[in-house]
């Protein structure tokens with residue numbers, strides 16, 4: 001088998017090495033998983049390979065040809081048939097899928113988009129990822145937009161396809177379908193690099209795995225069994241015991257990852273922390289009624305785009321809604337977001353970049369954002385902010401542990417820790433709405449965030465967890481409801497039943 005990638009790369013940011021001669025060797029026509037904690041350097045490594053970020057040193061060979069790093073950029077990578085689908089997407093939002101597909105290659109003449117659109121639709125159908133070429137990118141649910149970017153990369157000629165957390169917004173049946181698609185693409189000759197935190201996916205689909213820790217490659221493990229089958233669920237995909245996911249997890253974090261236990265459900269007479277009565281958002285959410293008691297963790301499952309985002313925004317007071325919302329004993333219907341926070345609500349938005357952080361502000365300032373109890377009402381108490389930031393950084397293991405670091409420079413998982421640390425430390429907390437709280441977060445950080453959500457419930461808050469990750473909901477929640485087309489269609493606490501409700505297969 002020939003080698004598609006052979007890289008040894010070094011990268012520094014502000015004098016700090018984020019990659020220290022990190023190596024990645026990927027065989028052609030294989031699915032290769034790249035894993036590691038947030039901040040380990042995974043995204044930096046694949047962005048260098050995709051020509052998005054320049055390297056500070058090292059070597060890079062693609063398809064057996066040595067590449068000059070000084071001239072390696074996005075255009076050179078595309079010419080070498082390298083495609084990437086990033087976790088937060090790269091489509092121009094106001095353009096359609098087909099317009100994004102031709103962006104940068106229009107030339108001087110008027111471009112006929114119709115044949116390109118037909119080619120995209122045909123390719124999507126062939127590989128099991130159907131797309132609407134004429135849909136505007138910023139109006140697509142995250143999972144659908146990601147699917148469109150995969151199809152677009154393949155249309156543009158990618159022979160090496162890098163996917164950053166591609167299953168984060170998919171339902172279980174969609175995950176199975178995508179993994180099977182990756183196997184088929186690899187069997188047909190496309191090389192896949194899969195950046196993921198989900199080790200069950202690694203076990204199911206990868207031919208080999210590279211583990212990064214603190215900017216260095218600490219392990220490269222090859223699967224011992226034949227992975228040429230098309231379906232990730234077929235027999236023969238089980239790794240031998242010496243290569244189980246626990247060994248990979250230990251390589252990732254340098255120790256065993258602790259597993260938190262589900263906390264005991266509160267008594268049925270416990271006070272209600274959050275109550276929704278026939279809450280609706282025009283065109284997206286319809287008559288949602290539920291209660292979350294103090295000390296309870298309640299889950300909302302669903303395929304992305306079925307009203308979860310609108311539900312979270314409505315509760316937080318960030319979307320106009322019908323129906324009534326109560327936080328603790330206070331009816332906050334019609335109240336602005338600030339009044340709902342004052343009533344005891346903590347809100348963790350699904351998109352930390354656009355709803356949770358000021359990316360060009362410091363870690364300390366982001367931790368104190370909207371926290372008048374920390375900053376003071378009229379004059380910012382810098383000493384108090386510094387103390388508060390140091391406590392949260394230590395509590396959640398934010399890396400690097402620098403209160404003055406700019407939030408934009410942190411990895412996605414560490415950015416999420418900032419939002420979690422700020423929101424769950426609010427005083428007199430009554431209810432928590434956590435939308436996709438661990439999306440794109442590594443194993444160690446997932447455990448810490450889950451511990452924080454459990455701690456909030458133990459302290460007496462009612463916690464509503466909105467997540468597309470069934471493993472997360474099953475690990476945390478006492479009850480789980482399913483949203484489908486903006487309506488609650490049922491509840492369950494068993495994976496198969498939840499999957500059926502999420503896809504409408506239960507009727």
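The values are calculated or read from the model by the stated rules, or taken from the named source; none is laboratory data. Since this is a predicted model, take the numbers as computed values, not measurements. Positions of Cβ are backbone-derived with ideal geometry, glycine not excepted, and every protein chain shown enters the neighbour counts.
If you go through the stretch 112-146 and keep only what is under 23 Å from residue 183 (Cβ atoms) and free of Cβ contacts under 8 Å to residues at least 24 places away in the same chain, you end up with 121, 122, 125, 126, 130. Residues in the stretch 131-170 that are more than 17 Å from residue 100 (Cβ to Cβ) and assigned to a loop (DSSP other than H, G, I, E, B): 7 in all.
From the list 374, 420, pick out the single residue that is within 21 Å of residue 317 (Cα to Cα) and either assigned by TED's automatic domain parsing to the domain that holds residue 213 or touching a helix residue (DSSP H, G or I) at 6+ places or on another chain (Cβ under 7 Å) (or both). Don't jump to the end; show me each part of the working.
Working: 374 fails: within 21 Å of residue 317 (Cα to Cα).
Checking each option against the conditions leaves just 420.
Please go through the stretch 423-437 and pick out each residue that is part of a loop (DSSP other than H, G, I, E, B) and under 16 Å from residue 449 (Cα atoms).
Residues of the stretch 423-437 that are part of a loop (DSSP other than H, G, I, E, B), as a first pass: 424-430, 436-437.
Listed by number, the residues that qualify are 424, 425, 426, 436, 437.
If you go through the stretch 236-248 one residue at a time, do you hit one that is in the same structural domain as residue 180 (by TED's automatic domain parsing), modelled with pLDDT of 65 or more, on the phi < 0 side of the Ramachandran plot and in a loop (DSSP other than H, G, I, E, B)? Checking the stretch 236-248: not a single residue is in the same structural domain as residue 180 (by TED's automatic domain parsing), modelled with pLDDT of 65 or more, on the phi < 0 side of the Ramachandran plot and in a loop (DSSP other than H, G, I, E, B). For the stretch 492-507, the set of residues classified as touching a strand residue (DSSP E or B) at 6+ places or on another chain (Cβ under 8 Å) and crowded, with 17+ Cβ neighbours inside 10 Å consists of 492, 498, 501, 502, listed by residue number. State whether one or more residues within the stretch 300-311 are crowded, with 20+ Cβ neighbours inside 10 Å, in a strand (DSSP E or B) and in the same structural domain as residue 461 (by TED's automatic domain parsing). Yes. If you go through the stretch 430-461 and pick out every residue that is surrounded by 21 or more Cβ atoms within 10 Å (Cβ to Cβ), over 24 Å from residue 501 (Cα atoms) and modelled with pLDDT of 95 or more, you end up with 7. Out of 79, 114, one residue alone is over 21 Å from residue 4 (Cα atoms) and surrounded by fewer than 15 Cβ atoms within 10 Å (Cβ to Cβ). It is 114. Condition check for residue 173 on (1) closer than 17 Å to residue 83 by Cα; (2) assigned to a helix (DSSP H, G or I): one failure, at (1). Scanning the stretch 372-408 for residues that are more than 19 Å from residue 16 (Cβ to Cβ) and in contact with a strand residue (DSSP E or B) (Cβ under 7 Å, 6 or more places away or on another chain) turns up nothing.
Taken over the stretch 219-233, the criterion of being buried (at least 16 other Cβ atoms within 10 Å of the Cβ) and at pLDDT 90 or above is satisfied by 219 alone.
For the residues 16, 25, the requirement of being in contact (Cβ under 8 Å) with a residue 60 or more places away in the chain, surrounded by 15 or more Cβ atoms within 10 Å (Cβ to Cβ), under 30 Å from residue 254 (Cβ atoms) and out of contact with any helix residue (DSSP H, G or I) (no Cβ under 9 Å at 6 or more places or on another chain) singles out 25. The criterion of at least 1 residues that are touching a helix residue (DSSP H, G or I) at 6+ places or on another chain (Cβ under 7 Å) and farther than 25 Å from residue 197 by Cβ is met, among strands (runs of 3 or more DSSP E) falling completely within the stretch 447-507, by 479-484, 487-491. State yes or no: is residue 59 under 20 Å from residue 211 (Cα atoms) and in a strand (DSSP E or B)? In short, yes. From the list 369, 357, the lone residue that is in contact (Cβ under 8 Å) with a residue 60 or more places away in the chain, assigned to a loop (DSSP other than H, G, I, E, B), over 16 Å from residue 488 (Cα atoms) and out of contact with any strand residue (DSSP E or B) (no Cβ under 9 Å at 6 or more places or on another chain) is 357. Would you check if there is a residue in the stretch 94-116 being under 22 Å from residue 25 (Cβ atoms) and either at pLDDT 90 or above or outside the structural domain of residue 146 (by TED's automatic domain parsing) (or both)? There is no residue in the stretch 94-116 that is under 22 Å from residue 25 (Cβ atoms) and either at pLDDT 90 or above or outside the structural domain of residue 146 (by TED's automatic domain parsing) (or both).
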